[in-house]
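S.K.: Could you have a look at this structure, given as structure tokens, before my questions?
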Amino acid sequence: MESAHTKSVEEVYSFFGVNESTGLGLEQVKRQREKWGPNELPAEEGKSIWELVIEQFEDLLVRILLLAACISFVSISFAIRGVKVSQGLSLMGDKVPADIRICSIKSTTLRVDQSILTGESVSVIKHTDPVPDPRAVNQDKKNMLFSGTNIAAGKAVGVVVATGVNTEIGKIRDEMASTEQEKTPLQQKLDEFGEQLSKVISLICIAVWIINIGHFNDPVHGGSWIRGAVYYFKIAVALAVAAIPEGLPAVITTCLALGTRRMAKKNAIVRSLPSVETLGCTSVICSDKTGTLTTNQMSVCRMFILEKAEGESCSLTEFTISGSTYAPEGDVYLDNRPVKCSGYDALVELATICSLCNDSSLDYNESKGVYEKVGEATETALTCLVEKMNVFDTDVRSLSRIERANACNSVIKQLMKKEFTLEFSRDRKSMSVYCSPSKSKSSSCKMFVKGAPEGVIDRCTYVRVGGTRVPMSSGIKEKIMAVIRDYGTGRDTLRCLALATRDSPLKKEEMVLSDTARFQDYESDLTFVGCVGMLDPPRTEVAASIKLCRQAGIRVIMITGDNKGTAVAICRRIGIFSEEDDVHRMAFTGREFDDLSPHSQREAVTNARCFARVEPSHKSKIVEFLQGFDEITAMTGDGVNDAPALKKAEIGIAMGSGTAVAKTASEMVLADDNFSSIVAAVEEGRAIYNNMKQFIRYLISSNVGEVVCIFLTAALGFPEALIPVQLLWVNLVTDGLPATALGFNPPDLDIMNKPPRNAKEPLISGWLFFRYLAIGCYVGAATVGAAAWWFTVADDGPQITLYQLSHFLQCSPDNPDFQDLECHVFESPYPMTMALSVLVTIEMCNALNRSVICTWLITIAILLTLLVRNSLSSCISTLSVQKNRSS
């Protein structure tokens, strides 16, 4: 049924041929299943372990040498480990099974937690009335229950209007399945580098083979042109071995793996190794509000009571409350000074109302070491407020954390006995409890009321001033409402609750509790006690992280399902907006964004820093626009609604407390759901890329030297200075260990004071390649020169001429140019050992040269120096063994 939310209950019944009392008959159920299919999402077949293994072999360099490719198994183990860790963070709960049009509510109220789908931070009150707007977003479809959401409170009867892939959550699944994941900038650059290197290697190998065509018939080959061609083909293969940095994939994987470990210590669990480096070029972070920028723990931060009231005028006493979590720790302040709440009669009564008009409690989670809510977030905020106020001066110093959780609330609940509750309803916008004193028989019963200010204050005829009550005048009422409006529309955009009592209620025997229409009459003739203002407070460390992002040239965009006023208020508090910023062109709702033309939408995404009341399609569209501007986007999310955007973004970041679907679509999981962990991960990503540049420069310049060595020996006609086995050993051992040591470099002190690097920036620029070529020519010439020195100058060498050395293939007893010279001297291992020694020594110096490029080495740590020295020692020790074997 399309647009079920716009239909009346009778129209829904008629369309589906169902009535409230009997539901669907068995035959109807059978026909519906045949027509619409089972009420389940198609299972998405996961990748097998062998498919994951094969993916690691896609790198062109890895395909060339299987030994280097085997190192890539490390990335698989980390991917599986990341998935297992993230799965351990998943939470399960009872879910709504399908999309349902509510037909009747069987309790006084129906509250639904649909944050998994819409991102709203508080539960939503549902009703049965039609929603006439056909373009209504899911947040505004108050007469619908959506598949996958949780019932927070209440009972209802409804008609299933969509199942399986036709549900809102199913549509998100289809969108996610159709989204192709892009390769990371690192993967793209390595692919480009591999292709370029392969072309260059092929050209050089062909050139070496062609240069030596004239030597194919030399006597050393027995006069066989084919044997000569095969010999020089082997030389060309040796050149390819020298040119390919076999150790590069291994070192990159090791460096990224080390990065994942460092990130894990900062609560960022990486599921995909290449994404570690991608974080380093992140230019935009699209962050969810609830739980990431905020604590997702509602807290009362302001409240007021009446100090004086006379006639049409009154004065208020306003208090502020510290603490931004569910921990029962914090103080109440008056004019920035802590006060004892027990000294204010009105505060004692206010705390009593907060405690008794409440079904929530605090629970200390010993395994996590934090306090958690049990019940509604709004009510838990009031429970926490009562603990901070401690109006009866309860001694809590000796209590354990578990006992401390509800100590002050327990004292109040021992004084008053709750007889029954008048549940919240939409029409009166309040709830109340009927209480009698637990001990004193002389005190009369009371009703304590909590609700929306406009609903409660209209039914108040008195106000509490100290221990007395004063008649409510229009002037007093206007003053109270003005302060409440300021709370709701000011800098904080607080959610306000009015608290009141009925000192002389009807006897409970006179109340008809089955008739909810009479609840408003029972909650009349009230005495206004005070008002509290609460919000989901920003995390204390977020403001500093936002400032750091601004210094690093990273734009932060808040994307939330909450209303625009709340979103803008939080943006101002954490520094996304300044107090002076005009948010007209920088903050949009999903509806406002849809109403713009495509050109205006592109312009809006360019300037925007806040999107509120959005749906999943908006998030994906925002990511597409940002990618069109060549931005590297990190997208956070925790719900199913976030999954398509998480998969589409270059870096998808799921929350540890989020859904399994979101984690599956992400590259990284935040164990602590903290925005600051993202910033720390970005810093780590930048450091990793800097280190990668250092060891790539080292490896490439070393390999260019090896290529020049082989090329010169072939071009000059010298005997082999290095055989393929030696070259492979140099690439895997001599190159690998120092390069790995370079991967341990700590971040530069100013790394977050620089703008993000361009994702299209090549790994090796033209100027860098020229430098590598110059260094490589020197290394190659020195290596060949060392071998030639042994042949021509060394005391223990044959001391032959350069002509003889360059024409050694013509050596034979019959050749007068080689009289008195044994031709097997050209096969001696000594010149190869000499060349290998020189090559390794120069490469070790080159490793130190790579380190000196880093400016932070002005204050280099001793540990890093020892690490590089140890790597060099290992290489030289292995070299000694090689020399002895050659001897």
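S.K.: Which of the numbered conditions does Thr589 fail, given that it passes all the others? Conditions: (1) touching a strand residue (DSSP E or B) at 6+ places or on another chain (Cβ under 7 Å); (2) within 23 Å of Val276 (Cβ to Cβ).
M.R.: Here Thr589 clears every test but (2).
S.K.: Out of all the residues in region 265-314, which are of a type in the set (Gly, Ala, Ser), on the phi < 0 side of the Ramachandran plot and in contact with a helix residue (DSSP H, G or I) (Cβ under 8 Å, 6 or more places away or on another chain)? It would help to see each step written out before you state the result.
M.R.: Initially, region 265-314 is screened for residues of a type in the set (Gly, Ala, Ser), giving 268, 272, 275, 280, 283, 287, 291, 299, 309, 311, 313.
Those left that are additionally on the phi < 0 side of the Ramachandran plot: 268, 272, 275, 280, 283, 287, 299, 309, 313.
Ala268, Ser272, Gly280, Ser287, Ser299, Ala309, Ser313, listed by residue number.
S.K.: Can you name the residue in region 464-476 that is of a type outside the set (Ser, Thr, Tyr) and out of contact with any helix residue (DSSP H, G or I) (no Cβ under 6 Å at 6 or more places or on another chain) and is also surrounded by the fewest Cβ atoms within 10 Å (Cβ to Cβ) among such residues?
M.R.: So in region 464-476, the residues of a type outside the set (Ser, Thr, Tyr) come out as 464-467, 469-472, 475-476.
Now drop any that are not out of contact with any helix residue (DSSP H, G or I) (no Cβ under 6 Å at 6 or more places or on another chain), which leaves 465, 469-472, 475-476.
On the way: Val465: 19, Arg469: 18, Val470: 19, Pro471: 10, Met472: 19, Gly475: 14, Ile476: 25.
Among those residues, the one meeting the criterion is Pro471.
S.K.: Residues in region 484-497 that are surrounded by 19 or more Cβ atoms within 10 Å (Cβ to Cβ), in contact (Cβ under 8 Å) with a residue 60 or more places away in the chain and of a type outside the set (Lys, Arg): how many?
M.R.: Residues flagged as surrounded by 19 or more Cβ atoms within 10 Å (Cβ to Cβ), in contact (Cβ under 8 Å) with a residue 60 or more places away in the chain and of a type outside the set (Lys, Arg) within region 484-497 amount to 5.
S.K.: For Glu510, are the conditions met, namely being farther than 26 Å from Thr380 by Cα, at pLDDT below 90 and charged (D, E, K, R)? I'd like the intermediate steps shown before the answer.
M.R.: Numbers: farther than 26 Å from Thr380 by Cα: yes; at pLDDT below 90: yes; charged (D, E, K, R): yes.
When the stated conditions are applied, Glu510 passes them.
S.K.: Can you find, within region 605-619, the residue that is nearest to Val679 (Cα to Cα) among those that are surrounded by fewer than 23 Cβ atoms within 10 Å (Cβ to Cβ) and either within 17 Å of the chain's Cα centre (by Cα) or among the small types (Gly, Ala, Ser) (or both)?
M.R.: Here the answer is Ala608.
S.K.: Please identify the pairs in which a residue from region 420-436 that is within 11 Å of Pro505 (Cβ to Cβ) and at pLDDT below 90 has its Cβ atom under 6 Å from the Cβ atom of a residue that is surrounded by fewer than 17 Cβ atoms within 10 Å (Cβ to Cβ) and of a type in the set (Val, Ile, Thr), counting only partners at least 6 apart or on another chain.
M.R.: none
S.K.: Which one of these does Pro798 not meet: (1) in a loop (DSSP other than H, G, I, E, B); (2) closer than 17 Å to Pro829 by Cβ; (3) touching a residue at least 60 places away in the same chain (Cβ under 8 Å)?
M.R.: It is condition (3) that Pro798 fails.
S.K.: Restricting attention to region 511-527, does a residue exist that is within 48 Å of the chain's Cα centre (by Cα) and either assigned to a loop (DSSP other than H, G, I, E, B) or surrounded by 19 or more Cβ atoms within 10 Å (Cβ to Cβ) (or both)?
M.R.: Yes, because at least one residue in region 511-527 is within 48 Å of the chain's Cα centre (by Cα) and either assigned to a loop (DSSP other than H, G, I, E, B) or surrounded by 19 or more Cβ atoms within 10 Å (Cβ to Cβ) (or both).
S.K.: Right, another one. Just to be sure, is Gly561 under 19 Å from the mean Cα position of the chain (by Cα) and crowded, with 20+ Cβ neighbours inside 10 Å? Walk me through it before giving the result.
M.R.: Values: under 19 Å from the mean Cα position of the chain (by Cα): yes; crowded, with 20+ Cβ neighbours inside 10 Å: yes.
So Gly561 passes the test.
S.K.: Could you please let me know if Glu379 is closer than 29 Å to Leu306 by Cβ and either at pLDDT below 95 or assigned to a helix (DSSP H, G or I) (or both)? Can you show your working first?
M.R.: Details: closer than 29 Å to Leu306 by Cβ: yes; either at pLDDT below 95 or assigned to a helix (DSSP H, G or I) (or both): yes.
Considered against the rule, which asks whether it is closer than 29 Å to Leu306 by Cβ and either at pLDDT below 95 or assigned to a helix (DSSP H, G or I) (or both), Glu379 comes out as yes.
S.K.: What tally of residues in region 1-15 results from selecting those that are modelled with pLDDT under 80 and either out of contact with any strand residue (DSSP E or B) (no Cβ under 7 Å at 6 or more places or on another chain) or assigned to a helix (DSSP H, G or I) (or both)?
M.R.: 1
S.K.: Test Ala543 against the criterion of being of a type in the set (A, V, I, L, M) and either part of a strand (DSSP E or B) or modelled with pLDDT of 90 or more (or both), and give yes or no.
M.R.: On the way: of a type in the set (A, V, I, L, M): yes; either part of a strand (DSSP E or B) or modelled with pLDDT of 90 or more (or both): yes.
For Ala543, the condition - of a type in the set (A, V, I, L, M) and either part of a strand (DSSP E or B) or modelled with pLDDT of 90 or more (or both) - is met.
S.K.: For region 498-510, enumerate the residues that are surrounded by 12 or more Cβ atoms within 10 Å (Cβ to Cβ) and not polar (S, T, N, Q). Outline the logic, then answer.
M.R.: Keep residues of region 498-510 that are surrounded by 12 or more Cβ atoms within 10 Å (Cβ to Cβ), which gives 498-503, 505-506, 508.
Once the filter is applied, which keeps residues that are surrounded by 12 or more Cβ atoms within 10 Å (Cβ to Cβ) and not polar (S, T, N, Q), region 498-510 yields Ala498, Leu499, Ala500, Arg502, Asp503, Pro505, Leu506, Lys508.
S.K.: Something else now. Would you be able to say whether some residue in region 601-617 is modelled with pLDDT of 90 or more, out of contact with any helix residue (DSSP H, G or I) (no Cβ under 9 Å at 6 or more places or on another chain) and not hydroxyl-bearing (Ser, Thr, Tyr)? Break it down stepwise before answering.
M.R.: Step one: filter region 601-617 for residues modelled with pLDDT of 90 or more, giving 601-612.
Going one step further and asking which of them are out of contact with any helix residue (DSSP H, G or I) (no Cβ under 9 Å at 6 or more places or on another chain), we end up with none.
So far as region 601-617 goes, no, none of its residues is modelled with pLDDT of 90 or more, out of contact with any helix residue (DSSP H, G or I) (no Cβ under 9 Å at 6 or more places or on another chain) and not hydroxyl-bearing (Ser, Thr, Tyr).
S.K.: For region 314-342, how many residues are outside any loop (DSSP other than H, G, I, E, B) and not charged (D, E, K, R)? Let's see the steps before the verdict.
M.R.: From region 314-342, those outside any loop (DSSP other than H, G, I, E, B) are 314-321, 332-334, 337-338, 341-342; that's our starting set.
Next, only the ones that are not charged (D, E, K, R) stay: 314-317, 319-321, 332-334, 338, 341-342.
The number of residues fulfilling the criteria is 13.
S.K.: Among helices (runs of 4 or more DSSP H) lying entirely in region 660-753, which contain 2 or more residues that are over 16 Å from the mean Cα position of the chain (by Cα), within 18 Å of Thr278 (Cα to Cα) and not polar (S, T, N, Q)? Even if it seems obvious, please write down each step before you answer.
M.R.: Values: elements: 660-664, 675-716, 724-729, 736-742.
Result: 675-716.
S.K.: Let me ask something else. Can you tell me which residue is farthest from the chain's Cα centre (by Cα) among those in region 125-149 that are under 24 Å from Met298 (Cβ atoms), modelled with pLDDT under 85 and not in a helix (DSSP H, G or I)?
M.R.: If we take residues in region 125-149 being under 24 Å from Met298 (Cβ atoms), modelled with pLDDT under 85 and not in a helix (DSSP H, G or I), then Val137 is farthest from the chain's Cα centre (by Cα).
S.K.: Something else now. Of all residues being assigned to a loop (DSSP other than H, G, I, E, B) and modelled with pLDDT of 90 or more in region 631-659, which is surrounded by the fewest Cβ atoms within 10 Å (Cβ to Cβ)? Just the residue, please. Spell out the reasoning first.
M.R.: Pass one, region 631-659, residues assigned to a loop (DSSP other than H, G, I, E, B): 631-632, 638-639, 649-650, 656-659.
Now restrict to residues that are modelled with pLDDT of 90 or more: 631-632.
Values: Glu631: 19, Ile632: 24.
Taking the candidates together, the pick is Glu631.
S.K.: Right, next: Which ones in region 106-124 are outside any strand (DSSP E or B) and within 21 Å of Val159 (Cβ to Cβ)? It would help to see each step written out before you state the result.
M.R.: First, the residues of region 106-124 that are outside any strand (DSSP E or B): 106-110, 114-123.
Lys106, Ser107, Thr109, Leu110, Gln114, Leu117, listed by residue number.
S.K.: If you don't mind, there's one more thing I want to ask. Give Met298, Met389 a once-over and let me know the one that is modelled with pLDDT of 95 or more and closer than 21 Å to Leu497 by Cβ. Full working, then the answer.
M.R.: Working: Met298 fails: modelled with pLDDT of 95 or more.
Result of the check over Met298, Met389: Met389.
S.K.: Based on what the data block shows, is Ala781 at pLDDT 80 or above, buried (at least 16 other Cβ atoms within 10 Å of the Cβ) and in a helix (DSSP H, G or I)? First the steps, then the outcome.
M.R.: Details: at pLDDT 80 or above: yes; buried (at least 16 other Cβ atoms within 10 Å of the Cβ): no; in a helix (DSSP H, G or I): yes.
It is false that Ala781 is at pLDDT 80 or above, buried (at least 16 other Cβ atoms within 10 Å of the Cβ) and in a helix (DSSP H, G or I).
S.K.: May I pose another question? Regarding region 453-475, can at least one residue be identified that is assigned to a strand (DSSP E or B), without any contact (Cβ under 8 Å) to a residue 60 or more places away in the chain, in contact with a strand residue (DSSP E or B) (Cβ under 9 Å, 6 or more places away or on another chain) and among the charged types (D, E, K, R)? Working first, answer last.
M.R.: Step one: of region 453-475, the residues assigned to a strand (DSSP E or B) are 460-465, 468-471.
Still in the list and also without any contact (Cβ under 8 Å) to a residue 60 or more places away in the chain: 468-469, 471.
Pick out the ones that are also in contact with a strand residue (DSSP E or B) (Cβ under 9 Å, 6 or more places away or on another chain) and you get 469, 471.
Restricting the remaining residues to those that are among the charged types (D, E, K, R) gives 469.
There is at least one residue in region 453-475 that is assigned to a strand (DSSP E or B), without any contact (Cβ under 8 Å) to a residue 60 or more places away in the chain, in contact with a strand residue (DSSP E or B) (Cβ under 9 Å, 6 or more places away or on another chain) and among the charged types (D, E, K, R).
S.K.: Could you grab me the full set of residues in region 749-766 that are at pLDDT below 80 and either of a type outside the set (A, V, I, L, M) or touching an Asp or Glu at 6+ places or on another chain (Cβ under 6 Å) (or both)? Walk me through it before giving the result.
M.R.: Step one: of region 749-766, the residues at pLDDT below 80 are 759-766.
Within region 749-766, Lys760, Glu761, Pro762, Ser765, Gly766 qualify.
S.K.: Being in contact (Cβ under 8 Å) with a residue 12 or more places away in the chain, more than 18 Å from Leu145 (Cα to Cα) and in a loop (DSSP other than H, G, I, E, B) is the filter here; which residues of region 19-41 pass it?
M.R.: Gly37, Pro38
S.K.: Kindly establish whether Ala787 is modelled with pLDDT of 85 or more and of a type in the set (A, V, I, L, M, F, W, C). Steps first, answer last, please.
M.R.: Numbers: modelled with pLDDT of 85 or more: yes; of a type in the set (A, V, I, L, M, F, W, C): yes.
Yes.
S.K.: Further question on the same structure: In region 570-584, what residues are surrounded by 14 or more Cβ atoms within 10 Å (Cβ to Cβ) and either in contact (Cβ under 8 Å) with a residue 60 or more places away in the chain or over 25 Å from the mean Cα position of the chain (by Cα) (or both)? Steps first, please.
M.R.: First, the residues of region 570-584 that are surrounded by 14 or more Cβ atoms within 10 Å (Cβ to Cβ): 570-577, 581, 583.
Hits for region 570-584 are Ile570, Arg572, Arg573, Ile574, Asp581, Val583.
S.K.: Next up: Filter region 827-843 down to the residues that are surrounded by fewer than 21 Cβ atoms within 10 Å (Cβ to Cβ) and assigned to a helix (DSSP H, G or I) and list them by number. Quick ask: steps written out before the conclusion?
M.R.: Taking region 827-843 first, the residues surrounded by fewer than 21 Cβ atoms within 10 Å (Cβ to Cβ) are 827-830, 837-838, 841-842.
Hits for region 827-843 are Glu827, Pro829, Tyr830, Ser837, Val838, Thr841, Ile842.
The values are calculated or read from the model by the stated rules, or taken from the named source; none is laboratory data. Computed from a predicted model, the values in this text were never measured in an experiment. Note: ideal-geometry Cβ built from the backbone for every residue, glycine included; neighbour counts use all protein chains shown.
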